[in-house]
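To start, the structure itself, in structure tokens.
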Amino acid sequence: MTKLVADHILERLEAWGVRRIYGYPGDGINGIVGALDRAQTSLEFVQVRHEEMAAFMACGHAKFTGEVGVCLATSGPGAIHLLNGLYDAKLDHQPVVAIVGQQARTAMGGHYQQEVDLQSLFKDVAGEYVQTASTAAQIRHLIDRAVRIARTERTVTCVIVPNDLQMEDAVETPPAAHGTVHSGTGFSVPRVVPREEDLARAAEILNAGERVAILVGAGALHAGAEVAQVAELLGAGVAKALLGKAALPDELPWVTGSIGLLGTKPSWDLMQECDTLLMIGSSFPYSEFLPAEGQARGVQIDIDGRMLGIRYPMEVNLVGDASETLQALIPRLGHKEERGWREQIEGNVAAWWRLIEERAHESADPINPQLLFWELSERLPDGAILASDSGSSANWFARDLRLREGMMASLSGTLASMGPGVPYAIAAKFAHPHRPVIALVGDGAMQMNGNAELVTIAKYWKRWHDPRLIVLVLNNRDLNQVTWELRAMAGEPRVPTTQDIPDVAYAQWAELIGLKGIRVDHPDQVAGAWSEALAADRPVVIEAITDPEVPPLPPHITIEQAQSFTYSLLRGDPHTGRMIAQSAKQKLEEFLPGR
Ligand SMILES: Cc1ncc(C[n+]2csc(CCOP(=O)(O)OP(=O)(O)O)c2C)c(N)n1
Ligand SMILES: [Mg+2]
């Protein structure tokens, strides 16, 4: 059979090193689906339950491999479904290419079935590069540019291919003529290092500081060793933005853990009391958790010049790769002899971990969610990959989970979308079938999409060398994160109409589709459940009946938040009694007004 445009698309993706496509079929991509079947290639197609999940998986693939993630959807509804997952990738700076079908060129403009203006639909999310193919001789450079731009800009790109064009004969090499484009494959990650004079200015500031704070984000994930060396020289503490959680192990005594609303008290103290801030590969947004303007001198390092100087007015802004830039900086940094600041940080961190342990072991009705994360930390296998959903689980993931060297972890950092927990875990499993993967997900997110995507796990798990994929479901029958946001930020009492969600038998559902299900409703069962799940011969859903009244409190509540919270109590929150009891246990009282 002659090679068609659809075959050419797949071959070109493969030439770029793509080995896996996440997607869902439809007649807008019939040609490509046929080509997948014919492909004498190593390309693997992973069939998801919903196109949004394909986009989340492509994003998860990029996050857990550093490669470009690819998703495929049909025209109209399939394309529209992709959007949220693509925005997740765009906002977290992940390279993802979306290949999308379209109605036949002869039908376009005819108010045709499933005809949607896809060029406009994707214009924002794939703003760096979205193109609709109109002729076969274009395909080579459309794919080449979509992949190259996604990689170079670490963003989302999109190629729209009308279905009739997919079935035409391929033009692998455009004619040598005016008006043709002759592109090629291949991308090498560049070495990006600031100039010597700028490194010298940065070093001067860091050497002069007496109380240095470091904040790392996703851009430092590959630079843990260099960050540790700099922190050692400067006697600094290191706080981690959510996407940088795996940059440094939580066992290090000067790592203050997460920062922000989901962060820790030692990170808060670090930022409040520092006189110098070194920010590496992070766009952490909340200014109240950073030093006050004028309090600290600042140096920032980011691979993307657009991200510099937008969170704190830095004195020196360095465009550079985190690892390379720190390596260039290290010979210029002196060893600080005065270690009092470092000792203070280590004291705060040690006290914090004791508090976290105490909080995890406080009784609740029936299970304190923190206990699940505490016990998981104790049992995390080497090389584990963790994916958290948005919701209260993200708080416990950020604060309670103790990652060790060699682990990976992610979530929807900037979009903070519900729903990526299970699809990220699936993508992690396909990318690293030898490694154990654990998803930490709320019941709301399971009902939104996780339960459906368990079907995808059931379909594929036998392909994975290590079958361990564990989904922890926090069954609190509540959209808990928002319930607490209502209370703490808006002063609104809990609204049952919007916040209550049905009790669903997640563990039973898992069993029904051939996975293992473990339901725990007593704290004594928690440790055993993790051990059993980690020893299982197949993917497991641990359904934990957790207490929605355990507050996922920010490390330092502002007076306004405390006032709002008190106000919500006064306005008759239906759960007032138990909520106060639990909050008091969590030491909220130390932050309430009048103290
Ligand atoms: C797609 C999407 N819809 C809504 C939200 C707002 N939101 C953030 S967390 C949350 C509650 C999540 O509930 P659940 O998954 O049950 O987790 P819980 O907080 O109860 O542990 C909601 C509604 C969001 N972030 N993303
Ligand atoms: Mg919930």
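The values are calculated or read from the model by the stated rules, or taken from the named source; none is laboratory data. Please read these numbers as outputs of a predicted model, since none were measured by experiment. Here the Cβ is made from the backbone with ideal geometry for all residues, glycine too, and neighbour counts use every protein chain on show. Keep in mind that these areas ignore ligands, DNA and RNA; they rest on the heavy atoms of the full protein, side chains included. Shrake-Rupley method; radii C 1.70, N 1.55, O 1.52, S 1.80 Å.
Summary value for the chain: 11 percent relative contact order, contacts being C-alpha pairs under 8 angstrom separated by 6+ residues. Shape annotation for region 104-154: C-alpha extents along the principal axes are 37, 26, 11 Å, from largest to smallest.
Near V541, the amide H atoms lying under 5 Å from its own belong to V471, K516, G517, I518; only residues 5 or more places off or on other chains count, and H is placed 1.01 Å from N. For every other residue with a beta carbon closer than 11 angstrom to the beta carbon of R191, add +1 if it is Lys or Arg and -1 if Asp or Glu, then tell me the sum. Charge balance in the 11 Å sphere: -2.
Considering the convex hull of the alpha carbon atoms of the chain, report its projected area averaged over all viewing directions, in nm², one decimal. Numbers along the way, then the final one.
Numbers: hull surface 114.7 nm².
Directional mean of the projected Cα hull area for the chain stands at 28.7 nm².
Distance between the pseudo-spin-label points of S363 and E532 (7 Å out from Cα toward the beta carbon): 2.4 nm. Only beta bridges with both residues in the chain are counted; by DSSP, about 5 percent of them are antiparallel.
Based on the mean of other Cβ atoms within 10 Å per residue, sort peptides 118-129, 265-276 so the most packed one is first. Each step should come with its number before you reach the end.
Details: 118-129: 18.5, 265-276: 22.5.
The most tightly packed comes first, giving 265-276, 118-129.
Computed over neighbours whose Cβ is under 13 Å from that of G101, the net charge equals -3, Lys and Arg +1, Asp and Glu -1.
Between E485 and E405, how high is the FRET efficiency from 1/(1 + (r/R0)^6) when r is the Cβ-Cβ distance and R₀ = 45 Å? Nearest 0.05. According to the calculation, E is roughly 0.85. Each of Q508, S410, F187 was scored by the projection of its Cα onto the charge dipole of the chain, and the greatest displacement toward the positive side belongs to F187; charges sit on the C-beta of Lys, Arg, Asp and Glu. Computed over the alpha carbons of region 11-155, Rg followed by Dmax gives 14.0, 42 Å. Per residue, the solvent-accessible area of region 14-65 (1.4 Å probe, heavy atoms of protein chains only, all protein chains present) comes to 34 Å².
Taking each residue as 0.36 nm, the span from V504 to E204 lengthens on full extension beyond its C-alpha to C-alpha distance by 102.2 nm. Along region 129-135 the Karplus relation, 6.51 cos²θ - 1.76 cosθ + 1.60 evaluated at θ = phi - 60°, assigns HN-Hα couplings of 6, 9, 9, 9, 6, 10, 8 Hz to successive residues, with x for each Gly and Pro. Each peptide in 350-358, 405-413 receives the mean, over its residues, of other Cβ atoms within 10 Å, and ordering these scores from highest gives 405-413, 350-358.
Please state the charge dipole magnitude for the chain, taken about the Cα centre, from unit charges on C-beta atoms (+1 on K and R, -1 on D and E), reported in debye and rounded to the nearest 20. Present the calculation step by step, with values, prior to reporting the outcome.
On the way: 52 positive and 74 negative charges, 149 e Å.
It comes to approximately 720 debye.
Ranking R154, R191 from most to least accessible surface, computed with a 1.4 Å probe over the protein chains only, gives R191, R154. Shown in residue order for region 509-524 are the 3J(HN,Hα) couplings computed by the Karplus curve 6.51 cos²θ - 1.76 cosθ + 1.60 at θ = phi - 60°: 4, 4, 4, 4, 9, x, 9, 9, x, 10, 10, 10, 10, 9, x, 5 Hz (x for Gly and Pro).
Taking every DSSP helix (H) stretch of at least 4 residues in the chain, weighting each as -39,500 (n - 2.57) and dividing the sum by the residue count yields a mean residue ellipticity at 222 nm of -11000 deg cm²/dmol. Between T132 and I160, the built amide H atoms are under 5 Å apart, and every one of these is 5 or more places off in sequence or on another chain.
Listed here are the pairs K63/K240; K240/K429; K429/K462; K90/K429; which of them are more than 20 Å apart at the Cα?
Numbers: K63/K240 17 Å; K240/K429 25 Å; K429/K462 11 Å; K90/K429 22 Å.
Check vs 20 Å cut-off fails for K240/K429; K90/K429.
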